[in-house]
Each structure stands twice: as structure tokens, then as C-alpha cells.
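Working notes, beginning with the structure itself.
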Amino acid sequence: MAVTQPAASADQPHPAAVRNPYSVLPNWAYPTFVVVLLTAFSIYAAWVVLYFQNGRFGPYLSPFTSPEIDVAIAGLAVPTGIWIFWVPLAFRATCYYYRKAIFRSYLWHPRSCAVREPRRGTYRGETRLFVFNNLHRFAFYLAAVQVAILWFDAIDALIPGGRLHLGVGNALMLVNVVCLSGYTFGCHAFRHLAGGDRDCFSCHRLRHRLWRGVTVLNVRHDRWAWVSMFTVWGVDLYIRLLMMGVLPAGHWN
Ligand code: FES
């Protein structure tokens, strides 16, 4: 059903707030969800990266500290996460979906279609500092390498020392790397690389197949973004609780 809006007149410069016609939720629900969860995850990630030297428990390795890099500067060991965190941070911060979420939820400018903004300054688009968002494709290259390393970690944790090991941590690591792959390889930049620059798909059948595969992931990119963030969070928390002795060590984990 078409939704029409009354045009703003001179004595009514700001159109009245309306309900988002594409959602049954109130307008404040989505920005609240984004702000609460992204802020909580950022605080958790900062705590892990700055406070812990590493993230290993037996065969399990946290995605925050993979690959393991042991470097000391002036005799002081640098937490492994310091060398790594900027790759997923750069990838997610410049991701097309997260950019939309951040503009709409943290900055409220632009807010959303048909939703009144609390501030109405000049919208300059992604200029000035935001122009660095154009580096997203380079962040994708680094993130793809990191996903390959996490696949190695997940398989290595299954066969530590050549013997099969099955535990809750193995399942979590595998689910995590599958979700991270779904997010990373559904990237808009990768979709363009796969076939977005081709004018003739029938002349490039392999590229067309790859492009269609990426498109399957890309149409749900926002969901992959959230789910993979939760799996990274969950697998690290599980390993962290084992390391701290909060979860008892046993053959099941
Ligand atoms: Fe989201 Fe590239 S657009 S990861």
C-alpha cells in the first residue's frame, strides 16, 4: 500500500514525525538497539585487547588474539590484541551497513526516511573525515586474510597434536568462523570485485557465478554483521571464562 506524506508548507517547516512505514517497531527501537549493543561490544573489546596478554585455553584461541604475536617493547610484553584489533575495527567501521547504522543511531543525521531529526544541520554526506570510508576495500583484503587464519585456528583446535578433540569450544569456534565468512564474503566491495565491474556476464561465466554467490550473502549483510559480532563476542567470552577459572575445565569443553 502506498504511503503518502503531506507536503511541508511555509508555516510548517518541519513535517510532523510519522511512523516508519517499513517497520512495526517504534522509531526509537532500532537506534537504541544499535547504540546499546555496539557500545557494549566496544567496551568489552577494549577491555579484552588492553587487559589480556593473550586468549588461549588449551587448543582454543580467541579471535581477538589470533594470530598470536608475542612482542615485548623495552621489556614490556605488548598484548597480542593490540597488533590485531585494528583490522576488524577498520573493516566494520567502514562497512556500508555499519555506516548506515552509525549515522542513523549515533549521529541521528540523516536519521531515516520519513522520520523527523532532532537536529537539522547541513548534511554533507561522507565528506571530510568520512572520506576515509572509501578505504573499505583495502580493509576487506586484510579481513579476508584474518578469516583464513581463523579457519586455520578452528581446524587446528579440532586436531591439536594430530588427535581429534571435540568440545563446546570447537563448536563455538566453527560457528564463529562460518558467521564471519558469511559477513566478510557478503561484503559490497567483494561483490563488486567478484563481478560488479563486468558489463557482460555471459562473457564471464565464472565471475557471474561468484557474483551470484556473493549476492546470496550480500542480501542479508546486516544480519551477518550482527550475528558475526555476537559469535566473536561469545567465543571470546567462553575462552575468557575458561582462562579465568569461572567455567570449570573438563573433557566436555
Ligand atoms: Fe559490510 Fe563490506 S560492506 S563488510
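The values are calculated or read from the model by the stated rules, or taken from the named source; none is laboratory data. Not measured: the values here are computed from a predicted model. We place every Cβ from the backbone using ideal geometry, glycine too, and count neighbours over all the protein chains shown.
Within the range 49-64, restricting attention to residues that are under 14 Å from residue 235 (Cβ atoms) and aromatic (Phe, Trp, Tyr), the residue that is farthest from the chain's Cα centre (by Cα) is 57. Checking every residue in the range 110-133 against the condition of being part of a helix (DSSP H, G or I), in contact with a helix residue (DSSP H, G or I) (Cβ under 9 Å, 6 or more places away or on another chain) and among the basic types (Lys, Arg) gives zero matches.
Here residue 157 fulfils each of the conditions (1) away from the ligand (no atom under 16 Å from the Cβ); (2) loosely packed, with under 12 Cβ neighbours inside 10 Å apart from (2).
When every residue of the range 17-25 is checked against the conditions, none turns out to be part of a loop (DSSP other than H, G, I, E, B) and at pLDDT 95 or above. Scanning the range 83-104 for residues that are more than 16 Å from the ligand (Cβ to nearest atom) and either polar (S, T, N, Q) or touching a strand residue (DSSP E or B) at 6+ places or on another chain (Cβ under 9 Å) (or both) gives a single hit, 83. Checked against the criterion of being aliphatic (A, V, I, L, M) and at pLDDT below 90, the candidates 93, 139, 114 yield just one match: 114. Among the residues of the range 200-253, the one identified as in a loop (DSSP other than H, G, I, E, B) and of a type in the set (Lys, Arg) is 220.
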